[in-house]
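Engineer: Got a structure for you, questions after.
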Amino acid sequence: MKSTLLFLICSTALAQTGPWNNPLMMATSTDGRFFSTPSTFQDSSGVPSAIRWKGDTLVCAFQWFRQPIGSATWDRVAVKFSYDDGLSWTTPVPIVIDALPAGYQRPFDPTLVVTSGDSFRIYFSSSAGMPGPGQDSMINTYSAIGADGIHYRFEPGPRVDHPIRRVIDPAVIFFNGMWHYSSPIGAPQEGAFHYTSPDGLVFQQQANQPSDNMHNWTGNYVVDDSVLRFYGSGPQIWYNTSADGFSWSGYLSTNVQGGDPTVVRRSATNYLMIFVGPPYQTGVELQDGGELFVLLDNVPNPFNPATVIRYRTPQACRVTLKIYDLMGREIEVLVAETVSAGMHEARWDASGFGSGVYFYGITAGEFRQVKRMMMMK
């Protein structure tokens with residue numbers, strides 16, 4: 001068992017935490033496996049989905065988290081366009097979904113497809129009301145139709161509604177005469193749900209796509225000539241290939257570290273990947289003459305399968321300590337209580353999770369900080 005040591009002062013310092021602390025990155029490749037050095041695609045964003053439209057235009061939808069909280073750029077699905085095959089992109093524009101029923105959760109996890117007549121359909125996660133903690137079966141996949149990539153009209157009813165599990169991070173594509181839908185079930189080794197549809201609206205469940213703890217089916221499809229590829233997340237971004245959308249040939253790792261990839265095939269020898277990059281290294285601003293805090297990792301990662309996070313507070317204060325996955329989603333709360341001054345520790349048993357990068361975020365008073373850790377099984 002490895003451990004991580006954290007010394008913490010309860011101060012008024014504030015640093016970013018959560019998915020808004022990650023940029024989207026982009027890289028190119030001649031074969032779809034070995035990619036160039038990434039560059040920034042968009043700040044404070046996640047969950048990208050990129051497609052080709054009308055032959056000469058690329059469109060990418062993503063979740064945008066540019067602060068301030070509550071603004072038109074905060075936690076909104078936005079789109080960018082490229083008219084020169086991905087060399088340059090327009091500024092982000094938040095999408096508009098008309099007729100979204102009152103009380104539905106804001107759209108998230110966008111996936112774009114092009115339908116007949118060059119119309120757009122956007123698939124997204126939402127729920128009729130707010131689900132309970134931990135995301136439950138209230139969360140379904142819905143869709144909306146539009147003509148310009150920005151303005152859409154809600155299509156009534158869910159596209160996929162699993163009876164006992166939430167369905168998030170949908171991936172959808174038209175291949176071999178039908179629409180294929182994928183959604184990660186939970187932990188990487190649980191694999192992914194697989195649904196098919198003749199029209200992109202009414203989906204029928206198929207056998208789940210199996211996986212292991214190194215390959216998370218959070219990502220997107222792309223058609224590569226007559227073969228379907230799925231690019232997914234893990235210690236390295238990977239892809240798998242299928243001739244029919246049902247049987248898969250095996251995992252191949254790329255040279256890219258990140259998560260939730262989307263790939264556009266620009267030509268026979270040119271692939272563009274957009275993916276969630278590593279979090280920003282945020283500084284700490286001291287206010288009101290507050291003391292400087294010290295943050296140290298005294299034992300190197302990786303760990304397997306549990307880690308102890310130790311922290312020290314110089315005075316009594318309320319502490320929350322949470323674990324996040326690579327996408328910035330909260331997956332476990334270790335501490336949520338007022339603690340006394342002194343040394344404390346919390347143990348995270350990650351035996352139910354796959355290998356890869358995780359983050360722990362700690363809050364004490366108004367101080368917040370996020371640190372990265374690696375688990376290898």
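Throughout, read-outs are computed from the coordinates displayed, never taken from laboratory work. What you see is a predicted model; the values in this text were computed from it and never measured.
Engineer: What span do the alpha-carbon atoms of the chain cover on each of the three principal axes, reported in whole Å from largest to smallest?
Structural biologist: 64, 43, 41
Engineer: Starting at 0 and stepping by 5 Å, how many percent of the alpha carbon pairs of the range 68-139 end up in each bin?
Structural biologist: Result returned by the calculation: 3, 12, 17, 23, 20, 12, 7, 4, 1.
Engineer: To continue, here is another question. Can you count the Lys pairs in the chain whose Cα atoms are under 28 Å apart, with each pair 8 or more apart or on different chains?
Structural biologist: 6
Engineer: Residue by residue, what Karplus-based ³J(HN,Hα) values in Hz, rounded to whole numbers, does the range 274-280 have, using 6.51, -1.76 and 1.60 with θ = phi - 60° and x for Gly and Pro?
Structural biologist: Taking θ as phi minus 60°, the curve returns 10, 8, 7, x, x, x, 5 Hz for the range 274-280.
Engineer: Something else: Using all Cα-Cα distances in the range 23-118, what percent lands in each 10 angstrom bin from 0 up to the longest?
Structural biologist: With 10 Å bins starting at 0, P(r) equals 14, 43, 32, 10, 1.
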